[in-house]
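Input: a single structure, listed below in structure tokens.
Every read-out reported here was derived from the displayed coordinates using simple, explicitly stated rules and does not represent laboratory data. Computed from a prediction, not measured in an experiment: that's the story for all the values here. Here the Cβ is made from the backbone with ideal geometry for all residues, glycine too, and neighbour counts use every protein chain on show.
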Amino acid sequence: MTGRRSFLGTLAAAGVATATGLVVVPSPPESPATVSGTTDESTDPPVDLADASWFDATQPITDEDATPIARYQYKATETGYEPTAPINVVVSLAGPADVDVDVDLETVIGVFEDAGWTRELEEYTRYAWDRTTERYVLQEATAAETYYGTSGRLHVRCWEFEGVVSIQAHQDDAARPFHVIESYDRGRQVAEALFRANGWAVSRAAIDLDNAAQPDHDGYASVVWPTADDGDTDARSGTNTRTDTAPELEVIP
């Protein structure tokens, strides 16, 4: 396990290095979540879960074998696996003790589909560490605002381990020809907004994963949990108005 974690200390530095490759492009259109005004976290409740053995707001999580949460997403290399981005949203599939819920990973990714995001997209292949099998697991569910992201896009990858979904949420810059992550915080805020709009409870930056990274991730993940049978209400975040045309560019998945 020591060799696996030897890459972690280089993540923030790698983010600084890639920042020099950012291309200045026009800002993409606002996402439906921002337009609806649901990014306000002022009324977020404290975390309330029937089974919260993995949650401790007083101590940072520094070991991926300590909880079901995947602290990073990884890419495969010739010598092993290297972290590329921090997990910044954690979703419990269990709700409060007094609420009977029946949700799964498909319910979680459905929140993004309801906002008009697509699950058919070009993206890099990424993995997360599963402590129960001691293996790196391929991304289990992904979604983005558009297929290519030629003008930039919001993008999430998800893994579900032991009833907890770890989400890496970010905003990409324009794919010209390759994506660079422009903001982790923006991705986290929009993910929170979409869950709130669909009736889930959200507690912003509630758990310290000790995984701060450039350009703007503070090391904390927001915690989300269902409050009804399927985490769904009549509220919707709006319709995705972004469009894409296939670019004359090479985009590596």
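The slack in the chain from Leu105 to Ala52, taken as 0.36 nm per residue of separation less the alpha-carbon distance, amounts to 17.3 nm.
Note on Gln214 and Asp185: the extension gain reaches 9.4 nm, defined as 0.36 nm multiplied by sequence separation minus the Cα-Cα distance. Note on the range 103-233: semi-axes of the ellipsoid equivalent to its C-alpha gyration tensor, largest first and rounded to whole Å, are 21, 18, 16. Phi-derived couplings, Karplus 6.51 cos²θ - 1.76 cosθ + 1.60 at θ = phi - 60°, listed residue by residue for the range 137-148: 10, 4, 3, 9, 7, 9, 7, 8, 5, 9, 5, 9 Hz, with x used for Gly and Pro. In units of the compact-protein estimate 2.2 N^0.38 Å, the range 141-202 shows a Cα radius of gyration of 1.18.
Would you calculate the separation in nanometres between label points at Ala76 and Thr227, each defined as 7 Å from the Cα along the Cα-to-beta-carbon direction? Going by the 7 Å Cα→Cβ label model, 4.2 nm. Per residue and in Å³, how big is the convex hull formed by the alpha-carbon atoms of the range 57-175? Hull volume normalised by residue count: 128 Å³.
Each Lys or Arg adds one and each Asp or Glu subtracts one; over the other residues with Cβ under 11 Å from the Cβ of Thr67, this totals -3.
For Asp63 and Glu140, the difference between the fully extended length at 0.36 nm per residue and the C-alpha to C-alpha distance is 25.6 nm.
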